[in-house]
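Here is the structure we will look at, set down as structure tokens.
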Amino acid sequence: MSNFAFLQREWFAIHDTCVKAEGYVNSDPRAACFYGRIALEQMIGWLYKYDSNYSSYDENLGARVYEPCFRNTAGDAIFTKATVVITIGNRAAHGKSTKPADAVTVITEIFHIAYWLARTYGERERPDPALKFNPAQLPPASTKPAVSIAQLERNERELKEQQAENKTLRTELEQLQQQFARVRAENEKTRDTHDYNEQQTRDYFIDLLLNEAGFALDGIDDKEYQVTSMPNNEGIGFVDYVLWGADRLPLAVVEAKRTKRDAKVGQQQAKLYADCLEDKFKRRPVIYYTNGYQHHFWDDTNSPPRQVQGFHKRDELELLMQRRTSRLALTTEKIDADIAGRVYQQQAIRSVAEAIERDNQRRSLLVMATGSGKTRTVIALVDLMMRCNYVKRVLFLADRVSLVKQAAREFGKNLSSAGIVNLLDSDETTGRVYVSTYPTMLNLINNSKDVERRFGIGFFDLVIVDEAHRSIYAKYGAIFDYFDSYLVGLTATPKNEVDFNTYSLFQLERGVPTFAYSLDDAISEKYLVPPVAISVPLKFQREGIKYDDLSEDEKQQWDEMEWGEDGAPDQVSSSAINQWLFNEDTVDKVLACVMTQGEKVASGDRLGKTIIFAKNNNHAEYIAERFNVNYPQFAGKFARVITFKTEYAQSLIDAFSISTSDPHIAISVDMLDTGIDVPEVVNLVFFKQ
């Protein structure tokens, strides 16, 4: 009799994998852990397919489990159990020695997750709440040879291929999602009384997190460390965990409370333990208190408690101890004027410095007009914080590859001594300033294939967010929750247009950024010049096209067009013109206006660098086509399309950034809108309403 018999009727594929994992526990623990991880992947995949409450930026297991919607919907207990299975399964997949006890832990956690799945979504038969995992039902060890890693990986590929073949039509999938939503709602009317054994999971999970941070917990003083001078009758207490430095002085105390209790209940007890250790060792450790689900960090020598995603590594805690005496004053140390010498740039840096040093704020938002030097300002801030020993490593995030490469270039020019690492090129190189896109960083954090995370919660002391107002920012907000760092956001959006969620995430009052420098300020102080608007009177663009208003030749062209099964319409609205209908005469007129009235360079011989913002990719391609028809003398090199669909787009952007190099006109769709740093651009063409 298997522990997973309750899955057989409605969840046969998952049941089959769970039984396979269960069967290897005593004979090949590594294979048991491996199959347990596959079973988890099957269950998580089912959730994301059939429950519309779950959605993820990526389909890999780590991304799905660490996606906030999973924890918020499935709950802390299921999230923690899934994390335990992933961690142990990764070790097994990497050929690490796996003990039978680890395999039993994985199978036990899989049992509880499977119970929750069947209990929540089971339609025909739900498992008995009194059902318990029974180790006696695990098959005895066999004499079969251990399964090789290669065979396990082959089996995993085959299972995934079987899942991929099981395609469901969209309409059918929507119906199934609605059906399971009704089932879930009905099942949740009954209180879940199953014993998920959360306490055991919590203890194991905390050990795993500490192991990830590099603490082996194999010393007699690591757990249940006895201290004296506690304010109780005996004067004795036992610290759940003490994290020791290389010098055998305490770095941190960890107080772990039961999962059913608020982690903050342990704050005072942990503080008293820190007092006892400070009396004995003459160094005050930092404080963690946790219930296994929520973890709080408190360095009560200089900052209030804050929630974190785990534990800092030993070298990060030792650096924190050293900074208590080695930091310099941010608000008085000289700013490098060669990097950012303008008055408003220095004011922006001082505003962040005061927020950090005087007000103990860990998040700042700079609102600065395009062209005012946001990147140079933040580079000078990084230089200042490094020199004052506030920051060792920095992460610069942007939402586009071109902006990441641009940032790497600027840091390289202005702060080359820091060592710049572009994570798009390699995640193995080390340095002090790392640049990345949001998805790349999130994949590195959530990589469920690695035994140890490449980046722990304390790896970066400062995270810089470029274009902090963009919607993609909210999509990848989990990054900012994960890293325990200072956070600085940059945006050129006027402060009254920055959305509420952005101010909220930076813990600021709406409309009150840390520092603001507007376009009007920059123009009045002669750092920027105002734009000169030229309107091209295009009737079709503004009013649309009516068949009755066309000439006889135009009506003939209209009738000959491919309109589809419904035939030719009587009119096309202005909003739809460039969605699917491109008018040759309109495009030619706009291009003629640009070429004759646009700002010139090279003593007036050549049109200056120009960006044309098109409606969509087809529109952009059509504009380029008409340019080449009208101006064949440029041999197709003067105007080029640069969109997300353009292969090797970055090489075109690099060429466009050189003042004397083709192309001189970039035709773009939502790619060069913000953050692109080409000072030579003198013409902007808005070829859409």
Q. In region 602-689, which GluC sites (Glu not before Pro) fall in coil by DSSP and have 12 or fewer other Cβ atoms within 10 Å?
A. Glu647
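Per residue, how much accessible area does region 219-342 show when a 1.4 Å probe rolls over the protein heavy atoms, in square angstrom? Walk me through the numbers on the way to the answer.
On the way: 6000 Å² over 124 residues.
With all protein chains present, region 219-342 gives 48 Å² per residue.
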(Q) With angles folded into 0 to 90 degrees, how steeply does helix 584-597 sit against the dominant principal axis of the chain? Use alpha carbons for both and round to 10. (A) 80
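Heavy atoms only, probe 1.4 angstrom, no DNA, RNA or ligands counted: give me Arg124, Arg64 ranked by accessible area, highest first. Kindly include the intermediate steps, with their values, before the conclusion.
Working: Arg124 145, Arg64 45 Å².
The residues order as Arg124, Arg64, largest area first.
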Q | Arg363, Arg510, reordered so the largest accessible area comes first (probe 1.4 Å) | A | Arg510, Arg363
Q) Simple spin-label model, 7 Å along Cα-to-Cβ: Asp521 to Lys688 in nm? A) 3.1
Q: Ignoring everything but the protein chains, give the 1.4 Å probe accessible area of Lys223 in square angstrom, nearest 10.
A: 80
Q: With a 1.4 Å probe and every protein chain left in place, tell me how much accessible area Glu172 has, in Å² to the nearest 10.
A: 90
(Q) At 0.36 nm per residue, and after removing the present C-alpha to C-alpha distance, how many nm does the segment from Leu424 to Leu319 gain when stretched out fully? (A) 35.0 nm
(Q) With θ taken as phi - 60° and the coefficients 6.51, -1.76 and 1.60, list the Karplus ³J(HN,Hα) couplings across region 180-192 in order, rounded to whole Hz; mark glycine and proline as x. (A) 5, 5, 5, 4, 4, 4, 5, 5, 6, 5, 9, 5, 7
Q) Pairing the Cα long axis of helix 617-630 with the longest principal axis of the chain, what angle in degrees results, from 0 to 90 and rounded to the nearest 10? A) 30
Q. Along the Cα-to-Cβ line of Gln507, 7 Å from the Cα, sits a label point; which residues in region 347-388 have backbone N less than 14 Å from it?
A. 355-365
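By how many nm would the segment from Ser661 to Arg182 grow when fully extended, if each residue of separation counts as 0.36 nm and the alpha-carbon distance is taken off? All intermediate terms of the calculation are to be shown ahead of the outcome.
On the way: separation 479, 0.36 × 479 = 172.44 nm, distance 6.15 nm.
Answer, rounded to one decimal: 166.3 nm.
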Q: With a Förster radius of 25 Å, plug the Cβ-Cβ distance of Ala592 and Val529 into 1/(1 + (r/R0)^6) and report the FRET value to the nearest 0.05.
A: 0.50
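How many percent of DSSP beta bridges within the chain run antiparallel, rounded to 5? Please list the in-between numbers first.
Details: 20 of 62 bridges.
Bridges in the chain that DSSP calls antiparallel: roughly 30 percent.
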Q.
Between Asp499 and Gln307, what's the calculated FRET efficiency when r is the beta-carbon distance and R0 is 25 Å? Round to 0.05.
A. 0.60
Q | Heavy-atom accessible surface of the chain: percent carbon and sulfur, 1.4 Å | A | 47
(Q) Along the Cα→Cβ direction, 7 angstrom out, place labels at Asp128 and Asp585. What is the inter-label distance in nm? (A) 8.3
Q. So what does Leu272 come to for accessible area, using a 1.4 Å probe and Å² rounded to 10?
A. 40
Q: Sort Ser326, Ser436, Ser504 from largest to smallest accessible area, using a 1.4 Å probe on the heavy atoms of the protein chains.
A: Ser504, Ser326, Ser436
Q.
Are there any trypsin sites (Lys or Arg not before Pro) in region 594-689 that are in a DSSP loop and have at most 16 other Cβ atoms within 10 Å? List them by number.
A. Lys637, Lys645, Lys688
Q) So who's got an amide H within less than 5 Å of the one on Tyr434, skipping anything under 5 residues away but keeping other chains? H placed 1.01 Å off N, in plane. A) Val394, Leu395, Phe396, Val421
Q) Counting only residues 5 or more places away or on other chains, whose amide H sits under 5 Å from the amide H of Tyr476 once H atoms are built in the peptide plane? A) none
**Q.** Contour excess over end-to-end distance, with Cα ends at Gln175 and Arg327 and 0.36 nm allotted per residue
**A.** 48.7 nm
Q. Label points 7 Å out from Cα along the Cβ direction at Asp670 and Thr190: separation in nm?
A. 4.6
Q: Kindly express, to the nearest 10 degrees and within the range 0 to 90, the angle between helix 267-281's C-alpha long axis and the longest C-alpha principal axis of the chain.
A: 70
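The values are calculated or read from the model by the stated rules, or taken from the named source; none is laboratory data. None of these values were measured; they are calculated from a predicted model. Quick reminder, even Gly has a Cβ in these numbers, built from the backbone with ideal geometry, and neighbours come from all protein chains shown. Only protein heavy atoms, including side chains, enter the accessible area calculation; ligands, DNA and RNA are left aside. Shrake-Rupley method; radii C 1.70, N 1.55, O 1.52, S 1.80 Å.
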